[in-house]
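Structure, as structure tokens:
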Amino acid sequence: MTDATRGGLQGVRPGREAVSAVPTDGHRTAGPGEERAGGEQPVVDRAQFRSYYGVPVINKPVWKAPDIPGYLFLGGLAGASSVVAAAAQLSGRPALARVSKVTSTVAVGLSGAALVHDLGRPGRFLNMLRVLKPSSPMSVGSWLLAVYAPASATASYSAVTGRFRFLGAVGTAGAAALGPGVATYTAALISNTAVPAWHEGYPQMPFLFAASATSSAAGLGMALAPLRETTPTRRLGMAAALAEMGLMQIMKQSMGEVGEAFSESEKGHRYERTATAVTAAGIAVAALAGRRSRLASALAGVAILAGSAFTRFAVFEAGLTSAENPRYTIVPQRRRMLKRDGPSSSSC
């Protein structure tokens, strides 16, 4: 038995130290040894969100690295390179145009190979071309790739061999027209899933992917084209890289607690830090020495290109981490319900 005396409790038995008046006002509960107003010393810590048995609420994506993040990056590089190629050809920069055309063809080929490898067999990609469903980002994206790849290949073949110039011009124009869609449809694709770190970022994700694709295409142009033709790509690459870094931070902040997945994911956090470091270094080198040194221009271009790739890998890994934590799925849903239905919906 426990006796209450003037000197305090005597004969306290284990398990009897908790007080009955535990506040439920949503504020932090005082831990052991901490006093609240009124002299109470509750020992119950603040409750943490959990799902039933602690299991994830949604299934983790079956997509694997490096196939899918590589597919995201290479598709963006291909689409943006076609736009850069068309602009270079119109402005009288044949070497830059040729480099960008070949880049777009190689990148879209590798992107398709990564997608097919993740799907398991080529027939699954061909099955997606049986119908065109405008409401499905995957269906629209599959048809974009199916039309874009031949146009890009035609433009590249004409640029390298000098033959079929008319068909090459048609292919260049067609690839440039489809390029922005190829570069950004993957943002709609992943944002249309239930993965919290992808779905919650849907307002900024297309702009982030567009900036990342543009920086990668400009970076590769800086690395491979002659210095005399890289002035526009150097400026474009620096501007797009700055936009890429800024949009990543804006997207994370707009997500609220879901943005914490970028830090909780060990790989994602490492990829994001690497992307920031190499992109910032590329911008600095391009600004200070890119216009005078061929080597500096190439190094800056490679750094900006690598930063774009690391950004896509960071987004991919953060999505996988957010799918495993049920808090990132349920808490935003409850917030949207409260905003839509008012406080009465919290009792459901």
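No value in this document is a laboratory result; all are computed from the given coordinates. Model, not experiment: these values are computed from the prediction. No Cβ is skipped: glycine too gets one built from the backbone with ideal geometry, and neighbour counts run over all protein chains shown.
In table form, for the structure just shown:
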read-out: Region 110-237: C-alpha gyration tensor shape, a/c 1.5 cut-off, then a/b vs b/c; value: oblate
read-out: Ranked 164, 316, 209, criterion: other C-beta atoms within 10 Å, fewest first; value: 164, 316, 209
read-out: Stokes-Einstein D for region 67-326, Kirkwood Rh over Cα pairs, 10 °C, 1.306 mPa s (µm²/s); value: 87 µm²/s
read-out: Rounded to the nearest 20 debye, dipole of region 126-257 from Cβ charges on Lys, Arg, Asp, Glu; value: 460 debye
read-out: Total formal charge among the other residues, if their Cβ is under 14 angstrom from that of residue 168, Lys/Arg +1 and Asp/Glu -1; value: +4
read-out: Set 101/133; 252/339; 64/101; 64/133; 64/339; 64/252 screened for pairs whose C-alpha atoms are more than 31 Å apart; value: 64/339
read-out: Full-stretch length increase - residue 169, residue 339 - with 0.36 nm per residue and alpha-carbon distance subtracted; value: 56.0 nm
